[in-house]
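The values are calculated or read from the model by the stated rules, or taken from the named source; none is laboratory data. None of these values were measured; they are calculated from a predicted model. Heads up, the Cβs are rebuilt from the backbone with ideal geometry, glycines too, and the neighbour counts pull from every protein chain shown. We work out accessible area using only protein heavy atoms, side chains counted, and drop any ligands, DNA or RNA first. Shrake-Rupley method; radii C 1.70, N 1.55, O 1.52, S 1.80 Å.
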Amino acid sequence: MKYVPEPFKIKTVEPIRMTTKEYRQKAIKEAGFNTFLLRSEDVFIDLLTDSGTSAMSDAQWAALQMGDEAYAGSRNFYDLEDTIRDVYGYKYFVPTHQGRAAEHIMSKLLIKPGDFVPGNMYFTTTRLHQEMAGGKFVDVITDEAHDPDNPHPFKGNVDLNKMQKLVDEVGADKIPYISYETCVNMAGGQPISIGNLRELRKFCDKYDIPIMLDNTRTVENAYFIQKREKGYAGKSIKEIVREICSYTDGCTCSAKKDGLVNIGGFLAMNDEEFFINAKAQVVIYEGLHTYGGMTGRDMAALAQGIRESVANDDYIRYRVEQTNYLGEVLTDAGIPHVTPHGGHAIFLDAKKFLPHIDQEQFPAQALASAIYVETGVRAMERGNVSAGRNQETGQNFKPKLELVRLTIPRRVYTQSHLDYAAEGIINLYKNKNEIKGLKFVFEPKVLRFFQARFEPA
Ligand SMILES: *Cc1c(COP(=O)(O)O)cnc(C)c1O
């Protein structure tokens, strides 16, 4: 079990506060047993998400001072454009305030009511925007992805037989594009292989179906390809990222992850007509196409962040191996979790952790609450609450994967923070029978996991 040393040293610190168990019991009750509703001040180690929680580098902080806040034609826009062309290779882009705004614009422009949008599993906001545009999401990920113990090295891959079945059933003209995600978040951060993407490209060329990449974690995925896929050990992360993007027609991107910034995103594409239409939409929902949802300084920090993410291979090796380290400590203690370990998070298997709690009493939600009370560590539910209800039947989706996500912010925590979190979870596992299920006291209609409130069942 090796810990890759941080390829940086600490220049600024932010104090964090330890609380008592009694304090946390009160805090989680006030938060309706939903970790999203806790105050961050009441959290000791925050593993809720890796979204927008990265530590910026000195060069990024310096870039903030170089913001050109012109309404139109900011030099930071052109710098970001050059960077996106250099790193990802797409011809055109519009900046947005975060990933979901790019998803909104793309879904509105490409999906017609009655269309089907295949994807290698779904992401919460991505699927919702597809549905709001009148589309229906169809899961075409490999079966292995739904099995938390299957050791397949690329569980994010698309099953081409499922694609063929969909084309045969609904016809290619009802499929506006396939949404292809790198390091599939909801599957546990599982990567795709270049081999799979190449085959998908061939398939999609045959039926004239564009591939739109969810580019949020492509750099992390590139590391897995370098480590696991034949023929890629000698290639740089930058080359692999570029190759992944080269098989796709455009992307949505939440820059709050790989991009190493606290806010930002973009929609990129090679098709000029799509670009012209996207510029018309971004000005309605976000802002003029040369700033979209970002300030000049935000774009400056993002351009620098994208460059840093691929500047050398050390950063991403440390980043993914740090996540792996937490997983290895939990493996050694026999704590059930998704394997192989993903790039950005370790996903506890709540069904196995709490076999005495029925899925309709939200074991993952209960486990996330219990972890907070035990340790002061904040995690996130990714199971029956996140999956929502089937709109036709009103039933909970009851996904196969009932997970608690321990997400690692980039460049923020050290080995001892991870050791502390692991130790607390291992202790909790010994007393797991005391953890009780939950029931809704408030259930929002959409993206319910953000605002829902619970009480013990
Ligand atoms: C975070 C995320 C999004 C949404 O991006 P936001 O910046 O949070 O709006 C989309 N897809 C994936 C895979 C993500 O992880």
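Overview of results
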{"read-out": "Any hit, segment 383-402, residues being in a strand (DSSP E or B) and touching a Leu at 6+ places or on another chain (Cβ under 8 Å)", "value": "no"}
{"read-out": "Scope segment 410-456; condition assigned to a loop (DSSP other than H, G, I, E, B) and either outside the structural domain of residue 353 (by TED's automatic domain parsing) or crowded, with 17+ Cβ neighbours inside 10 Å (or both); matching residues", "value": "410, 411, 413, 435, 437, 452"}
{"read-out": "Wholly enclosed helices (runs of 4 or more DSSP H) of segment 145-233 bearing at least 1 residues more than 16 Å from the ligand (Cβ to nearest atom) and within 21 Å of the chain's Cα centre (by Cα)", "value": "194-207, 218-228"}
{"read-out": "Residue satisfying condition, being at pLDDT 95 or above and more than 23 Å from residue 457 (Cα to Cα), within set 366, 379, 345", "value": "345"}
{"read-out": "Qualifying residue in segment 103-121 (condition: within 16 Å of the ligand (Cβ to nearest atom) and among the small types (Gly, Ala, Ser))", "value": "yes"}
{"read-out": "Helices (runs of 4 or more DSSP H) wholly inside segment 257-361 containing at least 3 residues that are within 25 Å of residue 386 (Cα to Cα) and open to solvent by less than 20 Å² (accessible area, probe 1.4 Å)", "value": "314-332"}
{"read-out": "Residue within segment 38-48 that is in the same structural domain as residue 321 (by TED's automatic domain parsing), within 22 Å of residue 436 (Cβ to Cβ), at pLDDT 95 or above and surrounded by fewer than 17 Cβ atoms within 10 Å (Cβ to Cβ) present", "value": "no"}
{"read-out": "Residue list for segment 117-153, filter: within 21 Å of residue 221 (Cβ to Cβ) and acidic (Asp, Glu)", "value": "139, 143, 144, 147"}
{"read-out": "Any chance residue 174 is open to solvent by less than 30 Å² (accessible area, probe 1.4 Å), over 25 Å from residue 448 (Cα atoms) and not β-branched (Val, Ile, Thr)", "value": "no"}
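Conditions (1) under 27 Å from residue 448 (Cβ atoms); (2) open to solvent by 40 Å² or more (accessible area, probe 1.4 Å); (3) touching a residue at least 12 places away in the same chain (Cβ under 8 Å), marked per residue:
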residue: 132; (1), (2), (3): yes, yes, yes
residue: 156; (1), (2), (3): yes, no, yes
residue: 159; (1), (2), (3): no, no, yes
residue: 181; (1), (2), (3): yes, no, yes
residue: 204; (1), (2), (3): no, no, yes
residue: 207; (1), (2), (3): no, yes, yes
